[in-house]
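To keep things clear, I will list the structure first and then write my remarks on it.
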Amino acid sequence: MYTYEVIEHRQKGNGVANGNAGNAAGNGKNFFIKAINFTAPTCIIFSSTIECQFDSKVQNDGTKEVYLDGKVVGEIIKRQDNNDIKVNSDYDIKYTGGYSKDGKTIYIDRDLPKAIAIEGKTIDLVMSIAIHHELVEKWLIDDAYDYQYAHTIATKIEREYVESLGIKWESYDSAVGNELRHIFSKRLSKSPRDLDLSPYVATNDQDALKEIRESIEF
């Protein structure tokens, strides 16, 4: 049985999303609910008459049924995982990590170490940054989420993954932050032509956009 954390529920038909509150019962209403398993990571969207609360935990056994407290509460209509995702570290990426427009490639900067030692443990940065942050962020952006919200959720998933390895988030954040600052400060010389520029547009980072466009490899 796999556990998923609810990050949003949306009432069918009115497009109204709610990520912060929910009722124990849906009063006959129908909802689309999005939930993420941080271990894999895997994202599911399921249909339910139960308005599951933000941060609540649901389970799935690999079939279409979704369970809450041992009872079936919905059926999966969409599932996303990292099985067909390619990670590319051949380029300069201004924000250290990024993704292609079609979401099939996750980019990490070529100067980012593939792994670092923290608290006597080695952590794979490809897994923590590329798969547990950038991929999750891209899933949400492609589903019309605001970049800042997508980034917040992706950071939460990254943190849960790191802490599941027995590493303190503060230690990880400090060590990785040093790498990120170094990468951000360098001048780009080779950017991928299919890089999704959504994060840079959302933050109105005109300097980064200019630098990326000038360094795109054709």
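The values are calculated or read from the model by the stated rules, or taken from the named source; none is laboratory data. Please read all numbers here as calculations on a predicted model, not as lab measurements. Backbone-built Cβ (ideal geometry, glycine too); neighbour counts: all protein chains shown.
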Q: State which residue is farthest from V162 (Cα to Cα) when the search covers only segment 104-132 and only residues that are surrounded by 16 or more Cβ atoms within 10 Å (Cβ to Cβ) and among the small types (G, A, S).
A: A130
Q) Before we move on, is E137 in contact with a strand residue (DSSP E or B) (Cβ under 9 Å, 6 or more places away or on another chain) and not hydrophobic (A, V, I, L, M, F, W, C)? A) yes
Q: Kindly indicate whether K94 is within 30 Å of F184 (Cβ to Cβ) and modelled with pLDDT of 95 or more.
A: no
Q | Matching option when the condition is surrounded by fewer than 18 Cβ atoms within 10 Å (Cβ to Cβ), at pLDDT below 85 and either more than 27 Å from I129 (Cα to Cα) or among the basic types (K, R) (or both), among N20, N27 | A | N27
Q: Of the numbered conditions (1) crowded, with 17+ Cβ neighbours inside 10 Å; (2) in contact with a strand residue (DSSP E or B) (Cβ under 8 Å, 6 or more places away or on another chain); (3) among the acidic types (D, E), E158 fails exactly one; give the number of that condition.
A: (2)
Q | From S198, S164, S171, S128, residue being small (G, A, S) and within 19 Å of D90 (Cα to Cα) | A | S128
Q. Hey, does segment 43-50 have a residue that's within 30 Å of K190 (Cβ to Cβ) and touching a helix residue (DSSP H, G or I) at 6+ places or on another chain (Cβ under 9 Å)?
A. no
Q: Inspect all residues belonging to segment 149-161 and state whether any of them is in contact (Cβ under 8 Å) with a residue 40 or more places away in the chain, among the aliphatic types (A, V, I, L, M) and farther than 23 Å from R79 by Cβ.
A: no
